[in-house]
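Chemist: Take this structure, written in structure tokens, and hold onto it; I'll ask about it next.
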Amino acid sequence: MKKMICIVCPKGCEMQVDVNDGISVVTGNACIRGKEFAINEILHPMRTFQSTVKTIFPELPMIPIKTDDVVPKEYLFQIIEEIAGIEIKDKLKCGDIIIQNILGTSVNIVSTVDMYLYF
Amino acid sequence: MEQFDIVIIGSGPAGLAAALEIEQSGLKQIIIERENRAGGILKQCIHDGFGLHRFKKRLTGPEYAELFLKRVIEKKIPIYKNTFVTEIIEMENKSYRLTLVNSEKSLFEIEAKALILANGCRERTAKQVFIQGTRPAGVYTAGTAQYFTNILGYLPCKKCVILGSGDIGLIMARRLTLEGAKVVGVYEVKDTPSGLSRNIAQCLDDFDIPLYLSKTVTKIHGDKRVEAVTVQKVDLNLNQIPGTEEIIACDGLILSVGLVPENELAKSLGVELDTHTKGPMVNQSLMTSKEGIFSCGNALHVHDLVDFVSESAEIAAKGGIRFVQNKGEEELIHVEFDEKSFLYIVPQKINLLDIEENIHFYFRSKKVLKNVSVVIRTGDTIIFKKFYHNMKPPEMETISVNLKNVLQNKEICFELKEGVST
């Protein structure tokens, strides 16, 4: 039995997962997304990731970035190492890829800002 | 002097949503923004989880702001950036004269028939929570630490204590940890966390950051830079318990001890304020006690979700449009509520002459409650009832009710009943 708080939405359901003969039974979830999250959390916890990277533009010295999908939770610190040396030299739009297939996850690091709006 | 129908103060999520609503009416408007970029606090809220209600997507703060900002730019809605409002005066003809200042035009005035205050909230500071000791560098509100980290790219500290379990403090605990700082712990004076449960889970538990309840910071040590803080246990009445002091070495203290609506402008206009929300008293159109002045978003009351900030801005904008087009009459009644059960209810007043449409109520419970029903009563008649499995002060609740033809004796009262109310 494992207790957890659902992080899918702000409701924060208190859920419980019981594994019987390899079958997970989720209780306490208010929706199907909670159930999916709970089962993943037992098998392989996944998280979204957001941070910032440097740019060469003094008007906007840092821009926000994210992974365009969830990544394994244990990769978060490795990803922050991977993006540490990046310096953005071009003006990016929201969703433009900065690193493709980060750490072989098939997830990309993308910009979350349209830099053209700020110049 | 340029004349506008509606002037919006602030270009955060509230101001931008209000502007898009007003744009559809064709009224002449302008947004005033003190910073050089629109978007308000969302610019620095780089984490995701915004827009789940409104867009059914997990957006980051900048992405959420951009959805609105792009449309504001497309529609060519004017924004005065880098511009401060220094004074607002009510004129004899019931319009408002604003004195503005920016580097381009210096001091100048504009006039408006209606104002929408969408200027957000402020963080409470160390001074407001009475921490003793010196005032070295390294004491930051969570929002300031977030600005340093996410906008400027500076790490504000290497090893810190976070006081207060508000959401921004929790978000910053994760952010600073990912950026290489050590977060020794989050200390909360109350016996329940103030932030959302999901943020406790994904920002603290995921990174093994301890949360200490009923413990607070009572002293800051250090001359030029924070060197340590004293933390101490408190009893249920929040009094410090002698002999429980503990000194924790750190180079930063981050405060996440609450947000207060920014209402300097509202106060200067003589707008009546609510002691519960610390924001203006409003009717269901979110018009304040001053005719033609509307309030929305975090300036009205502090929200936990931006989706409802945008929603309230649209309600205020619709109210503003109706006011400019056809000044309605008011017959106000107070929304009564049980102060033992509720922290606050917005709107605080109902204009009985304007109850054709559903009214959106926003409220918070005073403490953590399980299996309760919210009951709206008029006279002896219950006109609305909703059951909640869980109710927590950090989680704002919202209900929408039609009050047309149901209000008896011009009375409306919110109550909380334990269990499934009959």
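Taken together, the values in this text are just the output of simple stated rules run on the coordinates, not laboratory data. Everything quoted here is computed from the prediction, not taken from an experiment. Note that we place each Cβ from the backbone using ideal geometry, even for glycine, and neighbour counts take in every protein chain shown.
Chemist: Given the pairs B:LYS158/B:LYS367; B:LYS70/B:LYS94; B:LYS233/B:LYS370; B:LYS190/B:LYS370; A:LYS66/B:LYS370, which span a C-alpha to C-alpha distance of over 30 angstrom in this model? Could you put the intermediate results ahead of the total?
Modeler: On the way: B:LYS158/B:LYS367 35 Å; B:LYS70/B:LYS94 34 Å; B:LYS233/B:LYS370 27 Å; B:LYS190/B:LYS370 19 Å; A:LYS66/B:LYS370 36 Å.
Pairs exceeding 30 Å: B:LYS158/B:LYS367; B:LYS70/B:LYS94; A:LYS66/B:LYS370.
Chemist: Kindly rank B:106-112, A:105-111, B:280-286 from highest to lowest mean number of other beta carbons found within 10 Å of each residue. Show your work: numbers first, answer last.
Modeler: Values: B:106-112: 15.1, A:105-111: 18.6, B:280-286: 24.7.
Sorting B:106-112, A:105-111, B:280-286 by mean packing, highest first, produces B:280-286, A:105-111, B:106-112.
Chemist: Same structure again: Would you mind estimating how fast chain A diffuses translationally, via Stokes-Einstein at 10 °C and 1.306 mPa s with the Kirkwood radius over Cα pairs, in µm²/s? Show your work: numbers first, answer last.
Modeler: Numbers: Rh = 16.2 Å.
Rounded to a whole number, D works out at 98 µm²/s.
Chemist: Measuring from label point to label point, each 7 Å out along Cα→Cβ, what is the B:GLN24 to B:LYS367 span in nm?
Modeler: Result: 4.3 nm between the two label points.
Chemist: Specify the residue with the greatest mean-square fluctuation among B:PRO261, B:PRO347, B:PRO78, computed from a Gaussian network of chain B linking alpha-carbon atoms under 10 Å apart.
Modeler: B:PRO78
Chemist: For a quick check: sort B:GLU66, B:GLU23, A:GLU82 by the number of other beta carbons within 10 angstrom, fewest at the front.
Modeler: A:GLU82, B:GLU23, B:GLU66
Chemist: What list do you get for B:THR277, B:THR144 if you sort them by fewest beta carbons within 10 Å?
Modeler: On the way: B:THR277 23, B:THR144 17.
Going from sparsest to densest Cβ surroundings: B:THR144, B:THR277.
Chemist: Run the helix sum for chain B: -39,500 (n - 2.57) per DSSP H stretch of 4+ residues, divided by residue count, reported at 222 nm to the nearest 500 deg cm²/dmol. Please report the intermediate quantities before stating the final value.
Modeler: Values: 6 runs with 67 residues, N = 422.
It lands at -5000 deg cm²/dmol.
Chemist: So what does log10 I(q)/I(0) come out to for segment A:1-57 at q = 0.27 Å⁻¹, using the Debye formula with one equal point on every Cα and no solvent?
Modeler: Taken in order of the listed q values, log10 I(q)/I(0) reads -1.11.
Chemist: Turning to a different aspect of this structure: Hey, in chain A, which Cys have no second cysteine's beta-carbon closer than 4.7 Å?
Modeler: Unpaired cysteines in chain A: A:CYS9, A:CYS31, A:CYS94.
Chemist: What is the local net charge at B:ILE254, summed over the other residues whose Cβ is closer than 14 Å to its Cβ (Lys, Arg +1; Asp, Glu -1)? If you can, show how the numbers build up before the last one.
Modeler: On the way: positive: B:ARG124, B:LYS158, B:LYS159, B:ARG174, B:ARG175, B:LYS182; negative: B:GLU123, B:ASP167, B:GLU179, B:GLU188, B:ASP251.
Net local charge, B:ILE254 excluded: +1.
Chemist: What dipole magnitude, in Debye to the nearest 20, does the protein assembly as shown give about its Cα centre under +1 on Lys/Arg Cβ and -1 on Asp/Glu Cβ?
Modeler: Values: 64 positive and 69 negative charges, 96 e Å.
Value, rounded to 20: 460 debye.
Chemist: Still on this model: Which net charge results for the neighbourhood of B:VAL231, defined as the other residues with beta-carbon distances under 12 angstrom from its beta-carbon, given Lys and Arg at +1 and Asp and Glu at -1? Please report the intermediate quantities before stating the final value.
Modeler: On the way: positive: B:LYS215, B:LYS219, B:LYS233; negative: B:GLU188, B:GLU245, B:GLU246.
In short, 0.
Chemist: What does the structure give for B:20-28 when I average, per residue, the other chain Cβ atoms found within 10 Å of the residue Cβ?
Modeler: On the way: counts 0, 0, 0, 0, 0, 0, 0, 0, 0.
Rounded to a whole number, the mean comes out at 0.
Chemist: Just flag the trypsin sites (Lys or Arg not before Pro) in segment B:1-88 sitting in loop per DSSP whose Cβ has no more than 10 other Cβ atoms within 10 Å.
Modeler: Within segment B:1-88, the qualifying trypsin sites (Lys or Arg not before Pro) (loop, at most 10 other Cβ atoms within 10 Å) are B:LYS56, B:LYS76.
Chemist: Something else now. What order do you get for B:9-17, B:154-162, B:116-124 when each peptide is scored by the mean count of other beta carbon atoms within 10 Å, highest first? Before the final figure, lay out the partial values.
Modeler: On the way: B:9-17: 30.2, B:154-162: 20.6, B:116-124: 25.3.
Order by mean packing, descending: B:9-17, B:116-124, B:154-162.
Chemist: What is the fewest-to-most order of B:GLU330, B:GLU395 by other Cβ atoms lying within 10 Å of their Cβ?
Modeler: On the way: B:GLU330 14, B:GLU395 18.
In order of increasing Cβ crowding within 10 Å: B:GLU330, B:GLU395.
Chemist: Nearest 20 debye, what's the magnitude of the dipole of segment B:125-257 about its Cα centre given +1 on Lys and Arg Cβ and -1 on Asp and Glu Cβ?
Modeler: Working: 14 positive and 13 negative charges, 72 e Å.
That gives segment B:125-257 a dipole magnitude of about 340 debye.
Chemist: Using alpha-carbon pairs under 8 Å, 6+ residues apart, how would you state the relative contact order of segment B:237-339 in percent?
Modeler: Values: 100 pairs, mean separation 19.6, N = 103.
RCO, segment B:237-339: 19 percent.
Chemist: Continuing with the same structure: What length, rounded to one decimal in nm, is gained on full extension from B:ALA137 through to B:GLN240, with 0.36 nm per residue of separation minus their alpha-carbon distance? Can you show the working numbers first?
Modeler: Values: separation 103, 0.36 × 103 = 37.08 nm, distance 2.54 nm.
This chain segment gains 34.5 nm when fully extended.
Chemist: Could you tell me what % of all Cα pairs in the protein assembly as shown have separations over 47 Å? Each step should come with its number before you reach the end.
Modeler: On the way: 18016 of 146070 pairs.
Cα-Cα pairs in the protein assembly as shown separated by more than 47 Å: 12 percent.
Chemist: Give me the net charge for the shell around A:VAL8: Cβ to Cβ below 9 angstrom, other residues only, Lys and Arg +1, Asp and Glu -1.
Modeler: Details: positive: A:LYS11, A:ARG33, B:ARG58, B:ARG198; negative: A:GLU36.
Counting the neighbours of A:VAL8, the net charge comes to +3.
Chemist: Roughly what % of Cα-Cα distances in chain B sit above 31 Å, to the whole percent? Don't jump to the answer; show the numbers that get you there.
Modeler: On the way: 38882 of 88831 pairs.
It works out to 44 percent of all Cα pairs.
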